[in-house]
Amino acid sequence: MLVPLLLAFDQILKLWALENLSPIPRPLLGDLLYLTLVKNTGAGFGLLQDKAQILGWVSLLVGGVLLYLLGFRRYPPAVTLGLSLVAAGALGNGVDRLGRGFVVDYLDLGTQIPLIAQFPVFNLADVCVTLGAALLLLAPRKRRRY
């Protein structure tokens, strides 16, 4: 149930960004967070520019495999949440890449703090993937007895 909600919210925010934002940063939270429209034809950090079609299919494949796994097996709550977040993010950016030819990014850490100052503009789908991956890495694992 979480994946479709996040996917819908992601797409609504991207439509809003396309209609209301420009490439000129607009402050949202002082000097920490800006709203800036970026049409990204590649992956994060400027990688694989103009490869939206290939990245779109990979994103949909990843999201689809994760949905399949979520539908046919029970996982601990933290793992289920992590997989759901990654699936929603992958599908959200995959829909953008295949439907628009680019990913709509709009969240900009426009701060002068070192290491963050040059961080790329991102979106809700990217946040979902990042938080989901972190949850999966931090989720407790069962130890097997031998």
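Remarks
- Among the residues of segment 82-123, those identified as more than 20 Å from GLN49 (Cα to Cα) and touching a helix residue (DSSP H, G or I) at 6+ places or on another chain (Cβ under 6 Å) are GLY82, LEU83, SER84, LEU85, VAL86, ALA87, ALA88.
- The residues listed here are ARG26, ARG74; of these, the one that is surrounded by fewer than 15 Cβ atoms within 10 Å (Cβ to Cβ), charged (D, E, K, R) and within 18 Å of PHE119 (Cβ to Cβ) is ARG26.
One line per residue, one yes/no per condition, for (1) surrounded by 13 or more Cβ atoms within 10 Å (Cβ to Cβ); (2) at pLDDT 95 or above:
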site: GLY82; (1), (2): yes, yes
site: ALA90; (1), (2): yes, yes
site: GLY101; (1), (2): yes, no
site: TYR106; (1), (2): yes, yes
site: GLN118; (1), (2): no, no
site: LEU131; (1), (2): yes, yes
site: ALA139; (1), (2): yes, no
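For (1) over 30 Å from ARG141 (Cα atoms); (2) in contact with a strand residue (DSSP E or B) (Cβ under 6 Å, 6 or more places away or on another chain), each residue gets a yes or a no:
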| position | (1), (2) |
| --- | --- |
| SER22 | yes, yes |
| GLN49 | yes, no |
| SER59 | no, no |
| LEU70 | no, no |
| PRO77 | no, no |
| GLY92 | no, no |
| VAL95 | yes, no |
| LEU107 | yes, yes |
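- Any hit, segment 94-107, residues being among the hydrophobic types (A, V, I, L, M, F, W, C) and over 19 Å from ILE12 (Cα atoms): no
- Listed by first and then second residue, the pairs linking a residue in segment 1-21 that is closer than 16 Å to LEU91 by Cα to a residue that is charged (D, E, K, R), with Cβ atoms under 9 Å apart and 6 or more places separating them unless they lie on different chains, are ASP10/ASP96; GLN11/ASP96; LYS14/ASP96; LYS14/ARG100; LYS14/ASP105.
- Per-region count, segment 1-36, residues basic (Lys, Arg) and within 20 Å of CYS128 (Cα to Cα): 1
- Residue check, SER59 of a type in the set (Gly, Ala, Ser), closer than 21 Å to ALA134 by Cα, modelled with pLDDT under 95 and surrounded by 13 or more Cβ atoms within 10 Å (Cβ to Cβ): yes
- Residue under evaluation GLY44, criteria (1) surrounded by 14 or more Cβ atoms within 10 Å (Cβ to Cβ); (2) at pLDDT 90 or above; (3) in contact with a Phe, Trp or Tyr (Cβ under 9 Å, 6 or more places away or on another chain), criterion not met: (2)
The values are calculated or read from the model by the stated rules, or taken from the named source; none is laboratory data. For clarity, every value in this text was computed on a predicted model and none was experimentally measured. Don't worry about glycine lacking a Cβ; one is built from the backbone with ideal geometry, like all the others, and counts go over all protein chains shown.
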